[in-house]
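A.B. asks: Below: one structure in structure tokens.
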Amino acid sequence: MVSTSVDDDITHDVIHDASAESDTDDARSPAADDPTSGQIPSAGARPGGTGGRWARVIAYGLLPAVAFMLAGGAAYLKWQYDSARAASAARSQSVSAATESTVALLSYQPDTVDKQLNAARNRLTGAFRDSYGALIRDVVIPGAQQGHISAAATVPAAASVSATANHAVVLVFVDQSLIVGADAPTSTASSVNVTLDKIGDQWLISDFTPV
């Protein structure tokens, strides 16, 4: 009969359509329909993620910068320590040199004045060495020999005014006793700014200015 054949065809089409729709649903992933069903990868694990970028910034930027700053800070502290130690040594050495040299420059006996003061001249440098040499040659040595003059100097105190590794100024307080022939000694007290330069390993006087 015609009606039975039509019904069978309709039934077959419905079953075929339902089967095709079922296959399509089975092929779809649950993650495609439900965005919360899958796990979200960690940002640090993704090469192009924000965590990855920050990791590279820290590894290639921040850490080397911190290391450089620490190295620079250590070098600066070492420089400060070395500078302070050098300045301390310069102060001590220049005060000692100024004290000893001042005594040598201002002390002599009539019989040995030539030898004493020319030896003291070796403690000087520059123009002051030349002017001191002319003074003792033309005035002090002849006067001491002819007038039987002797002088003795002492330094009761000395203090560093400034000091670097190669240059220093020292304030020296001087007491000098002078004897002329058989006369009684006379004493004078004075203070002098002694400027010194380090030449090689010696502190030599380059200026001697009363204050």
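All of the numbers you see were taken from the coordinates with simple rules; none came from a lab. Note that this is a predicted model, so its numbers are computed, not measured. Positions of Cβ are generated from backbone atoms using ideal geometry, with glycine treated the same way; all protein chains shown enter the neighbour counts.
A.B. asks: How large is ³J(HN,Hα) for each residue in region 89-103, as worked out from phi by the Karplus curve 6.51 cos²θ - 1.76 cosθ + 1.60 (θ = phi - 60°), to whole Hz, x for Gly and Pro?
C.D. replies: 5, 5, 4, 4, 5, 5, 5, 4, 5, 4, 5, 5, 5, 5, 4
A.B. asks: Which order results if Lys115, Lys198 are arranged by neighbouring Cβ count within 10 Å, fewest first?
C.D. replies: Ascending number of Cβ neighbours within 10 Å: Lys115, Lys198.
A.B. asks: With θ taken as phi - 60° and the coefficients 6.51, -1.76 and 1.60, list the Karplus ³J(HN,Hα) couplings across region 198-206 in order, rounded to whole Hz; mark glycine and proline as x.
C.D. replies: Couplings: 8, 10, x, 10, 10, 8, 10, 6, 10 Hz.
A.B. asks: Still on this model: Around Val161, which amide H atoms from residues at least 5 apart in sequence, or from another chain, sit under 5 Å from its own amide H, with H modelled in the peptide plane?
C.D. replies: For Val161, the qualifying residues are Val169, Val170, Leu171.
A.B. asks: Follow-up. Amide H of Leu124: which non-local residues (sequence gap of 5 or more, or other chain) have their own amide H closer than 5 Å, using H built in the peptide plane?
C.D. replies: Ile205
A.B. asks: Please state the Cα pair-distance histogram of region 101-193 with 5 angstrom bins from zero: what percent is in each bin?
C.D. replies: The percentages, shortest bin first, are 3, 13, 20, 23, 21, 12, 6, 3, 1, 0.
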